[in-house]
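Here the structure is laid out as structure tokens; the discussion comes afterwards.
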Amino acid sequence: FFSYPLYFGPILFCGQGMDDRAPINTRHAQLAGDDDHDRRSTDGHAPLKRKNTFAALRDWETGADEVSRAYVVDETSTSHQGDGVPQVKGVKNTKSAVTNAFRRLQRASKFESIDYSEPGNDIQNSWNLERPPADYHRAELWKWLIPCMCAVVMAFTSWAVGTTIKNLTRMKFAATEHFFAQEQFFVAYVVYIAISLTFATIAGCLVSLVSPLAAGSGISEVKTFLNGVRIPGLLAFKTFISKMVGILFTISSGIIAGKEGPFIHGGAIVGSGLGQMGSDCLQVLTGGRLNIRLPRWFGGYHRNQSDHRDFVAIGTAIGVAVAFSAPIGGILFTVEEGASHYTRSSFWRAFLGTVLGVLLLELFHIMSEDFGEEGLIGIFSEKIGRMHDFSLAGDNVILTSNRFFFRLWELPIFCVM
């Protein structure tokens, strides 16, 4: 009887200390499903009701950024320093201390490297256990649909950029030839230089005033991001616009430049945006009035750093593929020079995206030309793979289109072979 205080005294004392040290805030109670903030479990923390965890995180996930979501997951975990709040010796954890810790985490997230590891805590495990099988199936389905969507966007972008470059170049030479025909050679020279300078100035202004990260090829920056270094603004929507519009004016001006680097960077931006099913850049540009973030059931399953990296890598592969009409080359570039971590499942999804992107690019070129009186049916009889030159000599010299081409109806035969 007299030994009971020796056993239970330290337990009661330690339990009271934990209760004073770990206040439960509103977000903790909301995610844990505990409406009464004064209720405590035997270990001094609010009990986690597993039946509400999945629904709470699913509803809140759409409107929160990665830092806030990761912090709340750690905050509600009983396996991470009690309540997840960093402990400072000699300082009592009040509401202001929690707020300051959260702000420090947000500031540090702009400079720290990217953490691709999955969170391993009790709230995340509980959330995974409560997910219905249909939710897993939909998430896997969107892993295959998103590369297809990236292929459509990048194929159309490549066709639009190529067509615009062709029209701007024709316009520049037509204006120059007009004065040549009138034997006004000096005026023709001035017109040619003026048009070229105008195009180059537009491209330079886009980089200087809109998005400085659009300067250069962008390959080194994308490779840096894929290997875990956070670069704010690298995958923003305004960077994509500046990159694509800037490269078409750069090439049209006569500056020696190509589409490989910009399309690698552009594919990474498209893969990032479609993988997250949202755009923080558009939300910032509209002053928060427009929340460009689709709900979870419409593709918002992969808003974590690991899936984000995979979709960015797939986007770079599609960018290389549509730039050179080389689906295998796009995958090899990403595997050999891009991401240091590449799963086998990502390889097959990237292969689907690159093949679909090249095929759609060819179809866009055919549909933009006059392919006969048969209309859309004539696409099946058109020669595909003949609008890209693979040497310094043009197609009218080496006649590659008469030797290397295929038709759309032959694709099933290739698949069987």
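The values are calculated or read from the model by the stated rules, or taken from the named source; none is laboratory data. Owing to the predicted nature of the structure, the values given are computational and were not obtained by experimental measurement. Glycine also receives a Cβ, built like all others from the backbone with ideal geometry; neighbour counts cover every protein chain displayed.
Being at pLDDT below 85 and under 15 Å from PRO147 (Cβ atoms) holds for only one residue in SER340, SER325, SER368, SER345, and it is SER345.
Check the range 141-153 and report whether any residue there is more than 18 Å from the chain's Cα centre (by Cα) and of a type in the set (D, E, K, R). Checked against the condition, which is being more than 18 Å from the chain's Cα centre (by Cα) and of a type in the set (D, E, K, R), the range 141-153 yields no hits at all. For the range 242-253, the set of residues classified as touching a residue at least 60 places away in the same chain (Cβ under 8 Å) and small (Gly, Ala, Ser) consists of SER252 only.
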